[in-house]
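These notes are about the structure you will find just below.
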Amino acid sequence: MGQKVNPIAFRTGVTRGWSSRWYASKQDYAALLVEDKKIRDFITKHPQKTQYKAAGIDRIEIERTRDEVRVMMFVARPGLIIGKKGQEIEILQAELQNLVGRRINLKVEEVGRPELQAQLVAEDIAQQLAKRSSFRRTMKRSLEQTMDAGAKGIKIQMAGRLGGAEMARREKQSAGSIPLSTLQAMIDYGFTEAMTPQGHIGIQVWINQGTYGDDNDGVDAQTGQASKKPKRSYKR
C-alpha cells in the first residue's frame, strides 16, 4: 500500500495537519474548495509574474474566518514576492481579492532549508532538465545536496523520454532510508513536470526529514538501556 499512496495524504489528520483549515456547511463546501484551488493556481501559475516560479514556493496554506481569508505562503526566496518596500505583495493581495471577491490577508514566510523540501527539490531538478542537463548527474547532485543538508533519506524517480530516447522509461535513485508505511516518519513528497523539447518528464521526490518527536528519543533511549541485567539470577 505504501508504494501507491501519496505520503502526505497518508499522514494528513494523523501526524500532519491540513493545508486548508476552515469549516463550512454542505451548501458552501464545494464552492470554497474550488476557491482554494483558484487561489493556489493563480499564485503558482501567475500569467504575468514569472518570478514567482523562481521564488521557490513550497506550499500555500489557507485559513478562513468569517471576515477574511488568510493565505500563508512558504517560500525559499521571499524577496521576489514581497518586492521593494512590499509593493509586489500588495499588488498580489489586491489581485487575489478581485479574484475571489473576499478580503485577503496575505503572509509570506521563508523556508529555512529548501534542500529538505521535496517540492522545491523537484522543481530545481525540472529547471536543470529544461536546460538540457544530464538527468543522471542532476539526480546525483540533488541526492548529495539533500543528504548533506541533514535528511534521513531521499528517493527521486523520473519517467518519460529520458535523455531524448525514443521510448519512455522510468529510473530512480535513492539514498538513506524511506519507510513506506511508518506514520511517525516525516516523509515530504513533491511532484512536478519538466518540459523538455522531447516531451514532459515527470519528477517525483520523497524526502525523509526524520520522525515526529525526535526531541524525546534521546531520553527514552537512555532510560530504556539503563539496565540490561535480569532482575533475578538462577543457578543450576
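The values are calculated or read from the model by the stated rules, or taken from the named source; none is laboratory data. Because the structure is a prediction, the values reported are computed rather than measured. Neighbour counts are summed over all protein chains in view; Cβ atoms, including those assigned to glycine, are modelled from backbone coordinates with ideal geometry.
Filtered by the rule that a residue be touching a strand residue (DSSP E or B) at 6+ places or on another chain (Cβ under 7 Å) and of a type outside the set (Asp, Glu), the stretch 33-50 gives Ile39, Arg40, Ile43, Thr44.
How about the stretch 1-23: which of its residues are closer than 29 Å to Glu95 by Cβ, in contact (Cβ under 8 Å) with a residue 12 or more places away in the chain and of a type in the set (A, V, I, L, M, F, W, C)? Correct list: Ile8, Trp22. Of all residues in the stretch 115-131, those that are under 13 Å from Phe74 (Cβ atoms) have Cβ atoms under 6 Å from Cβ atoms of residues that are assigned to a helix (DSSP H, G or I), 6 or more apart or on another chain, in Leu120/Pro114. For the stretch 62-77, filtered to residues that are of a type outside the set (Val, Ile, Thr) and buried (at least 17 other Cβ atoms within 10 Å of the Cβ), the residue that is nearest to the chain's Cα centre (by Cα) is Phe74. If the condition is being more than 16 Å from Leu96 (Cα to Cα) and not in a strand (DSSP E or B), then the stretch 66-85 contributes Arg66, Ala76, Arg77, Pro78, Gly79, Leu80, Gly83, Lys84, Lys85. Among the residues of the stretch 68-89, those that are touching a strand residue (DSSP E or B) at 6+ places or on another chain (Cβ under 9 Å) and charged (D, E, K, R) comprise Glu68, Arg70, Arg77. Residue check: is Ser177 surrounded by fewer than 18 Cβ atoms within 10 Å (Cβ to Cβ), among the hydroxyl-bearing types (Ser, Thr, Tyr), out of contact with any Asp or Glu (no Cβ under 6 Å at 6 or more places or on another chain) and modelled with pLDDT of 90 or more? For Ser177, the condition - surrounded by fewer than 18 Cβ atoms within 10 Å (Cβ to Cβ), among the hydroxyl-bearing types (Ser, Thr, Tyr), out of contact with any Asp or Glu (no Cβ under 6 Å at 6 or more places or on another chain) and modelled with pLDDT of 90 or more - is met. Annotation: of all residues in the stretch 108-129 being more than 22 Å from Pro7 (Cα to Cα) and polar (S, T, N, Q), the one that is surrounded by the most Cβ atoms within 10 Å (Cβ to Cβ) is Gln128.
Identify all residues within the stretch 42-56 that are without any contact (Cβ under 8 Å) to a residue 60 or more places away in the chain and under 19 Å from Tyr189 (Cβ atoms); write none if there are none.
The one that is without any contact (Cβ under 8 Å) to a residue 60 or more places away in the chain and under 19 Å from Tyr189 (Cβ atoms): Thr44.
May I ask you to list the residues in the stretch 25-40 that are without any contact (Cβ under 8 Å) to a residue 40 or more places away in the chain and either in contact with a helix residue (DSSP H, G or I) (Cβ under 7 Å, 6 or more places away or on another chain) or among the basic types (Lys, Arg) (or both)? Once the filter is applied, which keeps residues that are without any contact (Cβ under 8 Å) to a residue 40 or more places away in the chain and either in contact with a helix residue (DSSP H, G or I) (Cβ under 7 Å, 6 or more places away or on another chain) or among the basic types (Lys, Arg) (or both), the stretch 25-40 yields Lys26, Lys37, Arg40.
Restricting Arg161, Arg170 to those that are more than 25 Å from Val111 (Cβ to Cβ), modelled with pLDDT of 90 or more, touching a strand residue (DSSP E or B) at 6+ places or on another chain (Cβ under 8 Å) and exposed (fewer than 14 other Cβ atoms within 10 Å of the Cβ) reduces the list to Arg170. Is the stretch 105-118 home to any residue that is over 19 Å from the mean Cα position of the chain (by Cα) and either at pLDDT 90 or above or basic (Lys, Arg) (or both)? Checked against the condition, which is being over 19 Å from the mean Cα position of the chain (by Cα) and either at pLDDT 90 or above or basic (Lys, Arg) (or both), the stretch 105-118 yields at least one hit. You will find that of Leu120, Leu183, Leu162, Leu143, the residue that is in contact with a Pro (Cβ under 7 Å, 6 or more places away or on another chain), in the same structural domain as Met195 (by TED's automatic domain parsing) and either closer than 23 Å to Glu61 by Cβ or of a type in the set (A, V, I, L, M) (or both) is Leu120 and no other.
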